[in-house]
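The values are calculated or read from the model by the stated rules, or taken from the named source; none is laboratory data. Bear in mind the structure is a predicted one, so any value in this text is a computation, not a measurement. Note that each Cβ is placed from the backbone with ideal geometry, even for glycine, and that neighbours are counted across all protein chains shown.
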Amino acid sequence: MQAVHVTTAFANGLFMSLVLIVAIGAQNAYVLRQGLRREHVGAVVLFCAASDAVLIGAGVAGMAQVLQGRPMLATVLAGLGAAFLCAYGLRALWRSRQPAALQATAQGISLSRTAVVAQAAGFTLLNPHVYLDTVLLVGSAGAQYAGMLKVWFVAGASAASVLWFTSLGFGARLLAPVFARPRAWQMLDALVGGTMLVLAAMLARRALTGA
């Protein structure tokens, strides 16, 4: 196996995954908010990065073809994702009306690690876009490589997830002084809530129309 081929496979996986993952979405918004709260950030980052690695590996191994042949599965996932995002979006909008309850540190009422990871699982596993990005798009691209080059492609794509979620979760602490102000938290929760509802509407439309 030539080193140039290994490097190319790794780099292609890295950059393709970064292009898809670095975008405003439910999962990224949740990781950012947990980073600002400094609440079980490591567990959230680990779960999101590990989930991406597993899904990408499954896609490269052939799961992409399985999902492409089952349109009803995509419809069910879209419906579940819409319900989850709608509920969380409404909660975020409600929080934006109560500035005194919003803290940029771990002060106040905190959720358990299990509850935080469960929410991260919802944003990850109930979001059809995650499967489209990791399993179908990245997975299909990686499946074109032969032999061990598939493994290097998956390694590159997984590294992108680790780098992104680590930067997003732990880098959010640099913004803590800004979000120490209740008004900033109100704006963040309003933005997050609005984003969630828009995504929920898009997923609901897909579940109802299949488009």
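Can you name every residue in the stretch 35-56 that is surrounded by fewer than 22 Cβ atoms within 10 Å (Cβ to Cβ) and either among the polar types (S, T, N, Q) or not in a helix (DSSP H, G or I) (or both)?
ARG38, GLU39, SER51
Among the numbered criteria (1) at pLDDT 75 or above; (2) over 22 Å from ALA29 (Cβ atoms); (3) touching a helix residue (DSSP H, G or I) at 6+ places or on another chain (Cβ under 6 Å), which one does ARG113 miss?
Answer for ARG113: the failing condition is (2).
Is one or more of the residues making up the stretch 180-191 polar (S, T, N, Q) and at pLDDT below 85?
yes
Looking at (1) modelled with pLDDT of 80 or more; (2) buried (at least 23 other Cβ atoms within 10 Å of the Cβ); (3) within 23 Å of GLY35 (Cβ to Cβ), which one does ASP133 not meet, given that it meets all the others?
Condition not satisfied by ASP133: (1).
Please enumerate the residues belonging to the stretch 120-157 that are of a type outside the set (A, V, I, L, M) and within 21 Å of THR75 (Cα to Cα).
Hits for the stretch 120-157 are GLY122, PHE123, THR124, ASN127, PRO128, HIS129, TYR131, ASP133, THR134, GLY139, SER140.
For the list (1) over 16 Å from the mean Cα position of the chain (by Cα); (2) at pLDDT below 80; (3) assigned to a helix (DSSP H, G or I), I need the number of the one condition that GLY59 fails.
Exception for GLY59: condition (2).
If you go through the stretch 140-150 one residue at a time, do you hit one that is surrounded by 15 or more Cβ atoms within 10 Å (Cβ to Cβ) and either under 20 Å from HIS40 (Cα atoms) or within 16 Å of the chain's Cα centre (by Cα) (or both)?
Checked the stretch 140-150: no residue is surrounded by 15 or more Cβ atoms within 10 Å (Cβ to Cβ) and either under 20 Å from HIS40 (Cα atoms) or within 16 Å of the chain's Cα centre (by Cα) (or both).
Has the stretch 62-85 got any residue that is assigned to a loop (DSSP other than H, G, I, E, B) and at pLDDT 75 or above?
No: the stretch 62-85 contains no residue that is assigned to a loop (DSSP other than H, G, I, E, B) and at pLDDT 75 or above.
Looking only at the stretch 19-34, how many residues end up being modelled with pLDDT under 80, part of a helix (DSSP H, G or I) and surrounded by fewer than 22 Cβ atoms within 10 Å (Cβ to Cβ)?
Of the residues in that region, 2 qualify.
Could you grab me the full set of residues in the stretch 122-148 that are touching a residue at least 12 places away in the same chain (Cβ under 8 Å), over 11 Å from VAL60 (Cα atoms) and assigned to a helix (DSSP H, G or I)?
Answer for the stretch 122-148, where residues must be touching a residue at least 12 places away in the same chain (Cβ under 8 Å), over 11 Å from VAL60 (Cα atoms) and assigned to a helix (DSSP H, G or I): GLY122, PHE123, THR124, LEU125, PRO128, HIS129, VAL130, TYR131, ASP133.
Could we say that SER158 is at pLDDT 80 or above, more than 25 Å from VAL60 (Cα to Cα), outside any loop (DSSP other than H, G, I, E, B) and within 15 Å of the chain's Cα centre (by Cα) here?
no
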